[in-house]
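A.B. asks: Questions regarding the structure given below will be posed in turn.
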Amino acid sequence: MYDLVVIGGGPGGYVAAIKAAHLGLKTAIIEKDQLGGTCLVRGCIPTKTLLAHASVLKTIKNCQDFGIEIGGFSFDYGKMKSKKDDVVAQLSGGVSGLLTAAGVDQFEGIASFISANKIKVKGHESKTLETKNTIIATGSIPATLPMAKVDKCLIHDSTSILDIIKVPKSLIIIGGGYIGCEFASLFNELGSKVTIVEMFEKLVITQGSRIADTLTSKFKEKGIDLILQKGVEKVESRDDSVTCTLNDGTTITGDSLLVSTGRKPFTDRLHLDAIGLGTDKRGFIEVNDKLETSVPGVYAIGDVTGKSMLAHTASYQGIVAAENIAGHSKVADYSCIPAVIFTDPEIASVGLTLEEAKKQGIKVKSALFPFAALGKAKATQKEDGFVEIIYGEKHKEILGGIALGDGASILIAEIALAQKQELTLEAVAETIHAHPTMAESWAEAAELGLGHPLHLPKRG
C-alpha cells in the first residue's frame, strides 16, 4: 500500500513525487511515455534548445556590429535537432535518477482508476497499485482544428514540428499565442518566410496591451507577415504545399503549416468515472486551493487543472499537494506567477497588468525604464527593450511587472520576489544593484515611479 501514487511524470508529477518522498511518504509514480512530460520532452526544453541555436546564429549575423569579420557561415538544422534530442534524453534520465535517489518507485504504462484506492497500470505487464492518496498530473496536449488534421508531414502541431529535420522555406502558423510566436521567432531567424494567422487584433493579446502592442510591432519589423482578425475556414494539402482559405475568402500557401491554437487537458484513459470524478465544460479537473478534487484522497495538479498552464506552476502545485497529503496545511497562491515568452525579443511578466488592475478597481500607476538609457545595454548593444513596474497609486506597493528584451526571463525574478514579499517602490530603489547590469533597470524604474529619476529627465 502506497501513501501516494502520482499519475504523470512531468514537471508537476515528478516534483510532487520527490517532495512527498522527502516528507516521508511511500510514493510511486506512473508515466506512460518519457519522464519529464510535455515540458521536458515536447515543449519548454526542446524549443529553448533550438531557440538557443537561433540566438547564436543571430549573433554571428550581427558580428560586424562588434568589429568582427567572418568570411562565411552556414547551419545544419539536422544537427540542431540532434543536439535538442540529446539534451532531452539527458534531462529525462536525470529525472529518473532523482526519483530513484528519493526512493520513489517508478512504473511505465497507462494508468487508470479501478477505485479511489486502486490504480491499474497497463504496460509490458499489468499491475494494480493500492494507494491512500493519488495525484493526477497528466498534463495537456495540443488543441486541434477539424479542418487541419495533423499529418506530421506538412501539417504539424507543436509536438510534431519538433521532429522535422529541414527548415521549411515558408511556414504558416495558425494562432498568435505564446507557443505560435515562439516558433515564429525560431523559424524566422532560421530563414523561413513566416505568416501568422490570428483571430484577435494583436498577438499574445491575453498578456496585456503593452506586451501585445510591442511584440506585434517587433514581428512586423522582422518581416513576419501578420494576418490579424481573421480565421481559417479551410485547409488543403498537396504534395509539397499547404493552402489555407481564410474567412474573408483569401488564400495563403506555404510549405508547412503549424496549428498552434492552445492546449487542452489530457484525461483520456484515466477512467475518472470509476471514482465519480467529472470535469468542467472545458475538460479541466476542478480543485480547491489545496489541490483536492471532489473525491477524498484524490488531488490534481498542473495543466489538467487549468489554473495556469505553465511548467513552474505545475511544480509549485505539486509541492502544495504533497505537503497537504503529508498532513501539513498549505494553500496555493497564484497571484505571483511569472510568465515568459521566449521570442525575440524575450518577454516576461508577473502579477497584474494595468488593464487587470483597473478592472479590479485598483488605482494603479506604472513606471517604464528603457534599456536605451542603461549603460550595460549600450555596452552590449542590447538597447531594444524596457522594464515596467505596476504599482499602487497610494502606497506604492508593487503589483506586477514586465521585462521585454535581452535577459527578460532572468530579470523578472527580482520583481516577482518583490511582489511576493509585498515590497514597495522604495524597497527596490533603495536596494543597491550592481553596475553595470541590466538589473539596474528595476531600480531606475522604481526611482522614476517615486518621482526622482536618475538617468531620465524628470517628468512634469
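The values are calculated or read from the model by the stated rules, or taken from the named source; none is laboratory data. What you are looking at is a predicted structure, and each value in this text was computed from that prediction instead of being measured. Every residue, glycine among them, receives a Cβ derived from its backbone with ideal geometry; neighbour counts consider all protein chains shown. Heads up: the accessible areas ignore ligands, DNA and RNA and are worked out on the full protein's heavy atoms, side chains in. Shrake-Rupley method; radii C 1.70, N 1.55, O 1.52, S 1.80 Å.
A.B. asks: Regarding Ser55, is this residue in contact (Cβ under 8 Å) with a residue 60 or more places away in the chain, of a type in the set (Ser, Thr, Tyr), out of contact with any helix residue (DSSP H, G or I) (no Cβ under 7 Å at 6 or more places or on another chain) and open to solvent by 40 Å² or more (accessible area, probe 1.4 Å)?
C.D. replies: When the stated conditions are applied, Ser55 passes them.
A.B. asks: Given the conditions (1) surrounded by 23 or more Cβ atoms within 10 Å (Cβ to Cβ); (2) more than 23 Å from the chain's Cα centre (by Cα); (3) not aliphatic (A, V, I, L, M), report the number of the one that Gly318 does not fulfil.
C.D. replies: (2)
A.B. asks: Going residue by residue through the range 236-246, is there one that turns out to be buried (at least 19 other Cβ atoms within 10 Å of the Cβ) and either at positive phi or not small (Gly, Ala, Ser) (or both)?
C.D. replies: There is at least one residue in the range 236-246 that is buried (at least 19 other Cβ atoms within 10 Å of the Cβ) and either at positive phi or not small (Gly, Ala, Ser) (or both).
A.B. asks: Let me ask something else. Have a look at Gly306, Gly351, Gly297 and point out the one that is in contact with a strand residue (DSSP E or B) (Cβ under 8 Å, 6 or more places away or on another chain) and either open to solvent by 60 Å² or more (accessible area, probe 1.4 Å) or more than 22 Å from Pro265 (Cβ to Cβ) (or both).
C.D. replies: Answer to the selection: Gly351.
A.B. asks: Could you please find all residues in the range 119-137 being among the aliphatic types (A, V, I, L, M), farther than 16 Å from Tyr14 by Cβ and within 32 Å of the chain's Cα centre (by Cα)?
C.D. replies: Matches in the range 119-137: Ile119, Val121.
A.B. asks: Here's something else I'd like to know. Only residues that are open to solvent by less than 40 Å² (accessible area, probe 1.4 Å) and part of a strand (DSSP E or B): list them for the range 128-144, please.
C.D. replies: Of everything in the range 128-144, those that are open to solvent by less than 40 Å² (accessible area, probe 1.4 Å) and part of a strand (DSSP E or B) turn out to be Leu129, Thr131, Asn133, Thr134, Ile135, Ile136, Ser140, Pro142.
A.B. asks: Mind listing just one residue for me: the one in the range 262-290 that is of a type in the set (D, E, K, R) and without any contact (Cβ under 8 Å) to a residue 60 or more places away in the chain and, of those, least open to solvent (accessible area, probe 1.4 Å)?
C.D. replies: Asp280
A.B. asks: So which pairs qualify, if the first residue must be in the range 291-304 and free of Cβ contacts under 8 Å to residues at least 40 places away in the same chain, the second must be buried (at least 22 other Cβ atoms within 10 Å of the Cβ) and assigned to a helix (DSSP H, G or I), the Cβ gap must be under 9 Å, and the two must be at least 6 apart or on different chains?
C.D. replies: Matching pairs, first to second residue: Glu292/Ala321.
A.B. asks: For the range 321-338, give me the residue count where each residue is open to solvent by less than 20 Å² (accessible area, probe 1.4 Å) and under 20 Å from Gln419 (Cα atoms).
C.D. replies: Residues meeting the conditions: 1.
A.B. asks: While we're on this one: As an exercise: evaluate Val87 against (1) open to solvent by 30 Å² or more (accessible area, probe 1.4 Å); (2) closer than 18 Å to Ile319 by Cα; (3) of a type outside the set (D, E, K, R) and give the number of the one condition it does not meet.
C.D. replies: Among (1) open to solvent by 30 Å² or more (accessible area, probe 1.4 Å); (2) closer than 18 Å to Ile319 by Cα; (3) of a type outside the set (D, E, K, R), Val87 violates only (2).
A.B. asks: For the list (1) open to solvent by 30 Å² or more (accessible area, probe 1.4 Å); (2) assigned to a loop (DSSP other than H, G, I, E, B); (3) more than 30 Å from Asn117 (Cβ to Cβ), I need the number of the one condition that Leu203 fails.
C.D. replies: If we test Leu203 against (1) open to solvent by 30 Å² or more (accessible area, probe 1.4 Å); (2) assigned to a loop (DSSP other than H, G, I, E, B); (3) more than 30 Å from Asn117 (Cβ to Cβ), just (1) comes out false.
A.B. asks: Could you pull out the residue among Ile432, Ile402 that is surrounded by fewer than 21 Cβ atoms within 10 Å (Cβ to Cβ) and either of a type in the set (Val, Ile, Thr) or touching a Lys or Arg at 6+ places or on another chain (Cβ under 6 Å) (or both)?
C.D. replies: Sole residue among the options that is surrounded by fewer than 21 Cβ atoms within 10 Å (Cβ to Cβ) and either of a type in the set (Val, Ile, Thr) or touching a Lys or Arg at 6+ places or on another chain (Cβ under 6 Å) (or both): Ile432.
A.B. asks: Give all pairs with beta carbons closer than 7 Å in which a residue from the range 128-140 that is of a type in the set (Gly, Ala, Ser) meets a residue that is in a strand (DSSP E or B) and buried (at least 21 other Cβ atoms within 10 Å of the Cβ); count only pairs at least 6 apart in sequence or on separate chains.
C.D. replies: Close Cβ pairs satisfying both conditions: Ala137/Val6; Ala137/Ile7; Ser140/Pro265.
A.B. asks: Residue check: is Ser192 over 22 Å from Gly254 (Cα atoms), open to solvent by less than 50 Å² (accessible area, probe 1.4 Å) and either touching a Lys or Arg at 6+ places or on another chain (Cβ under 6 Å) or among the polar types (S, T, N, Q) (or both)?
C.D. replies: For Ser192, the condition - over 22 Å from Gly254 (Cα atoms), open to solvent by less than 50 Å² (accessible area, probe 1.4 Å) and either touching a Lys or Arg at 6+ places or on another chain (Cβ under 6 Å) or among the polar types (S, T, N, Q) (or both) - is not met.
A.B. asks: Is it true that some residue in the range 247-261 is more than 24 Å from Glu182 (Cα to Cα) and open to solvent by less than 20 Å² (accessible area, probe 1.4 Å)?
C.D. replies: No - not one qualifying residue is present in the range 247-261.
A.B. asks: Of the numbered conditions (1) more than 18 Å from Leu354 (Cα to Cα); (2) of a type in the set (Ser, Thr, Tyr); (3) in contact with a Lys or Arg (Cβ under 6 Å, 6 or more places away or on another chain), Thr424 fails exactly one; give the number of that condition.
C.D. replies: Condition (1) is where Thr424 drops out.
A.B. asks: Across the range 92-127, which residue is farthest from Gly278 (Cα to Cα) among those that are in contact (Cβ under 8 Å) with a residue 12 or more places away in the chain and part of a loop (DSSP other than H, G, I, E, B)?
C.D. replies: Only one residue tops the list, namely Gly103.
A.B. asks: Could you check how many residues of the range 156-181 are part of a strand (DSSP E or B), open to solvent by less than 10 Å² (accessible area, probe 1.4 Å) and over 20 Å from Gln207 (Cα atoms)?
C.D. replies: 3
A.B. asks: Can you run down the residue pairs with Cβ atoms below 8 Å, 6 or more apart or on separate chains, where the first is in the range 395-421 and of a type in the set (Lys, Arg) and the partner is open to solvent by less than 50 Å² (accessible area, probe 1.4 Å)?
C.D. replies: Lys396/Thr424; Lys396/Leu425; Lys396/Gly449; Lys396/Leu450; Lys420/Cys336
Condition check ((1) within 22 Å of Ile141 (Cα to Cα); (2) open to solvent by less than 60 Å² (accessible area, probe 1.4 Å); (3) out of contact with any strand residue (DSSP E or B) (no Cβ under 9 Å at 6 or more places or on another chain); (4) at pLDDT 95 or above) across all residues:
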residue: Tyr2; (1), (2), (3), (4): no, yes, no, yes
residue: Gly10; (1), (2), (3), (4): yes, yes, no, yes
residue: Glu31; (1), (2), (3), (4): yes, yes, no, yes
residue: Thr38; (1), (2), (3), (4): yes, yes, no, no
residue: Cys44; (1), (2), (3), (4): yes, yes, yes, no
residue: Asn62; (1), (2), (3), (4): no, no, yes, no
residue: Leu98; (1), (2), (3), (4): no, no, yes, yes
residue: Asp105; (1), (2), (3), (4): no, no, no, yes
residue: Ile110; (1), (2), (3), (4): yes, yes, no, yes
